[in-house]
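S.K.: Dumping the structure here so I can ask a few things about it.
The values are calculated or read from the model by the stated rules, or taken from the named source; none is laboratory data. Predicted model only: the values in this text are computed from it and were never measured. Positions of Cβ are generated from backbone atoms using ideal geometry, with glycine treated the same way; all protein chains shown enter the neighbour counts.
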Amino acid sequence: MGTHAIITLEQFIIEKEKNNPQATGSLSQIIRDLVLATRIINREVNKAGLVDIIGAIGGTNIQGEEVQKLDVYAERQIIDALKRGGETFAVGSEESDDMLILNPEGKYVVMIDPLDGSSNIDVNVSIGTIFSVYHRKSEDGAELHESDYLQKGREQVAAGYFLYGTSTMLVYTTGHGVNGFTLDPSIGEFLLSHRDITYPAKCNIYSINEGNYRKLFEGVKQYLRFIKTSNEVKKPYTLRYVGSLVADFHRNLLKGGIYLYPGTTDKPQGKLRLMYEGNPMAMLAEQAGGMATNGYTDVLDTDPVELHQRTPLFLGSKDEVTMIQEFIKVYDQISNLVLNGRK
Ligand code: P6P
């Protein structure tokens, strides 16, 4: 039986605050707010099949997707908790067209995907809540300005996700590594279960919706062909894809793998959203020693122009993401040569 000390999330937060003289406790309060909200969400997620809380309201969100009741419920719980906590100035959410002002004196701006992978709710596949935290740029008490929420991912002060899976987990970073906490329902506490998570050096899991294959650009097609057919690949890759970003990312983070949601010929910017999916997952990937790009440049260096803008996403170990970028670069050059040759 392991003799590891039991460290609760609360003890961990206090320990980290002591190591950071500038800490005022405001950011810690936001983490506590999110924990409270997600424990309520978790309770509903765990009985989604039992009550009439799933199934589409019939409305559609800004993504043009059917809104499942649990998405709206999750957003409401998070917004209420952040508002009560008093530290959050404004929130950007996948479920809301515009930014929401919570506390005019709040120092932070929070981006959330309240329930990512919600199309999996009624088939009982793991789903998650993704969050990203920034300092506000405007003066406390001032009106919301674009500079408060259209910030590069590199400016994030914290990012993470809650995973409602076989167990409920919180995985997050404040810029000093990635740590994972597992909820012990018997005592209602998140306990430190994965200290200082880093990507395994070897990556042999790839996660992509191969159904989009015919719409992929040549570089990504050639990468997939290489890992599936080349004799140079010593250890065969495994395809694992549940269609829930948090679940796919989490498995690849622990076991070594790459998550791809590339741009396609009909949607060159891909499907996933920069501010509340791409940036937080990219910060986690980099903090865990990995890499996160849009196929050309680091996701975290993307200059946002619109709250719900999309980004292609390649998340995983440095070597694997670098290899994909090489394929993309080479085949872009070939395509350009062919196009120019035709002129
Ligand atoms: P597709 C879920 O809708 C989501 O936003 C991510 O969680 C997931 O990785 C992706 O979209 C799945 O998209 O096109 O493969 O169904």
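S.K.: So for the stretch 129-148 (the condition being under 17 Å from ASN46 (Cβ atoms) and not assigned by TED's automatic domain parsing to the domain that holds ALA282), does at least one residue qualify? Full working, then the answer.
M.R.: Residues of the stretch 129-148 that are under 17 Å from ASN46 (Cβ atoms), as a first pass: 129.
Now restrict to residues that are not assigned by TED's automatic domain parsing to the domain that holds ALA282: 129.
Within the stretch 129-148, one or more residues are under 17 Å from ASN46 (Cβ atoms) and not assigned by TED's automatic domain parsing to the domain that holds ALA282.
Per-residue answers, yes or no, for (1) out of contact with any strand residue (DSSP E or B) (no Cβ under 7 Å at 6 or more places or on another chain); (2) within 13 Å of the ligand (Cβ to nearest atom); (3) assigned by TED's automatic domain parsing to the domain that holds ILE328:
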site	(1), (2), (3)
ARG240	no, yes, yes
GLY243	yes, yes, yes
LEU253	yes, no, yes
GLY278	no, yes, yes
ALA282	no, no, yes
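S.K.: Do you know which residues across the stretch 170-216 are within 16 Å of the ligand (Cβ to nearest atom) and within 19 Å of TYR241 (Cα to Cα)?
M.R.: Within the stretch 170-216, the subset within 16 Å of the ligand (Cβ to nearest atom) is 171, 205-216.
Result: ILE205, TYR206, SER207, ILE208, ASN209, GLU210, GLY211, ASN212, TYR213, ARG214, LYS215, LEU216.
S.K.: Moving on. Limited to the stretch 93-108, what total is found for residues that are under 18 Å from the mean Cα position of the chain (by Cα) and either part of a loop (DSSP other than H, G, I, E, B) or surrounded by fewer than 24 Cβ atoms within 10 Å (Cβ to Cβ) (or both)?
M.R.: Narrowing the stretch 93-108 to residues under 18 Å from the mean Cα position of the chain (by Cα): 93-96.
Applying the additional criterion that residues be either part of a loop (DSSP other than H, G, I, E, B) or surrounded by fewer than 24 Cβ atoms within 10 Å (Cβ to Cβ) (or both) yields 94-96.
The total comes to 3.
S.K.: On to the next question. Is it the case that some residue within the stretch 64-86 is surrounded by 21 or more Cβ atoms within 10 Å (Cβ to Cβ), in contact (Cβ under 8 Å) with a residue 60 or more places away in the chain and either assigned to a loop (DSSP other than H, G, I, E, B) or more than 16 Å from the ligand (Cβ to nearest atom) (or both)?
M.R.: No, that holds for no residue.
S.K.: Also, I was wondering about something else. Filter the stretch 198-247 for residues that are surrounded by fewer than 16 Cβ atoms within 10 Å (Cβ to Cβ) and of a type in the set (S, T, N, Q); which is nearest to ALA159 (Cα to Cα)?
M.R.: The qualifying residue nearest to ALA159 (Cα to Cα) is THR198.
S.K.: Quick check on LYS267: is it within 15 Å of the ligand (Cβ to nearest atom), farther than 18 Å from ASN120 by Cα and touching a residue at least 40 places away in the same chain (Cβ under 8 Å)? Reasoning before the result, please.
M.R.: Details: within 15 Å of the ligand (Cβ to nearest atom): yes; farther than 18 Å from ASN120 by Cα: yes; touching a residue at least 40 places away in the same chain (Cβ under 8 Å): yes.
Here the answer is yes, as LYS267 does meet what is asked.
S.K.: State the number of residues belonging to the stretch 191-214 that are aliphatic (A, V, I, L, M), within 12 Å of GLY256 (Cβ to Cβ) and more than 19 Å from the chain's Cα centre (by Cα).
M.R.: Residues of the stretch 191-214 that are aliphatic (A, V, I, L, M), as a first pass: 191-192, 197, 201, 205, 208.
Narrowing further to those that are within 12 Å of GLY256 (Cβ to Cβ): 197, 201, 205.
Remaining after also requiring more than 19 Å from the chain's Cα centre (by Cα): 201.
Residues meeting the conditions: 1.
S.K.: A further question follows. Starting from the stretch 207-225, take each residue that is under 12 Å from GLN325 (Cα atoms) and list its partners that are assigned to a helix (DSSP H, G or I) and among the acidic types (Asp, Glu), counting only C-beta distances under 7 angstrom and pairs at least six apart or across chains.
M.R.: Filtered contacts from the stretch 207-225: GLY219/ASP332.
S.K.: Can you say whether GLU286 is under 17 Å from the mean Cα position of the chain (by Cα), closer than 25 Å to LYS329 by Cβ, more than 14 Å from the ligand (Cβ to nearest atom) and among the charged types (D, E, K, R), as far as the supplied structure shows? Please lay out each step first, then the result.
M.R.: Numbers: under 17 Å from the mean Cα position of the chain (by Cα): yes; closer than 25 Å to LYS329 by Cβ: yes; more than 14 Å from the ligand (Cβ to nearest atom): yes; among the charged types (D, E, K, R): yes.
So GLU286 passes the test.
S.K.: Any chance the stretch 118-127 includes a residue that's farther than 30 Å from THR24 by Cβ and assigned to a strand (DSSP E or B)?
M.R.: Initially, the stretch 118-127 is screened for residues farther than 30 Å from THR24 by Cβ, giving 118-127.
If we keep only those that are assigned to a strand (DSSP E or B) too, we end up with 127.
Yes, that holds for at least one residue.
S.K.: While we're on this one: So, in the stretch 106-121, how many residues would count as being more than 11 Å from the ligand (Cβ to nearest atom) and under 13 Å from LEU307 (Cα atoms)?
M.R.: Number satisfying all stated conditions: 4.
S.K.: Does the stretch 316-337 contain at least one residue that is within 16 Å of the ligand (Cβ to nearest atom) and either within 20 Å of PRO200 (Cα to Cα) or in a helix (DSSP H, G or I) (or both)?
M.R.: Of all residues in the stretch 316-337, those within 16 Å of the ligand (Cβ to nearest atom) come to 316.
After this cut, where a residue has to be either within 20 Å of PRO200 (Cα to Cα) or in a helix (DSSP H, G or I) (or both) as well, the list is 316.
Within the stretch 316-337 (the criterion being within 16 Å of the ligand (Cβ to nearest atom) and either within 20 Å of PRO200 (Cα to Cα) or in a helix (DSSP H, G or I) (or both)), the answer is yes, since at least one residue qualifies.
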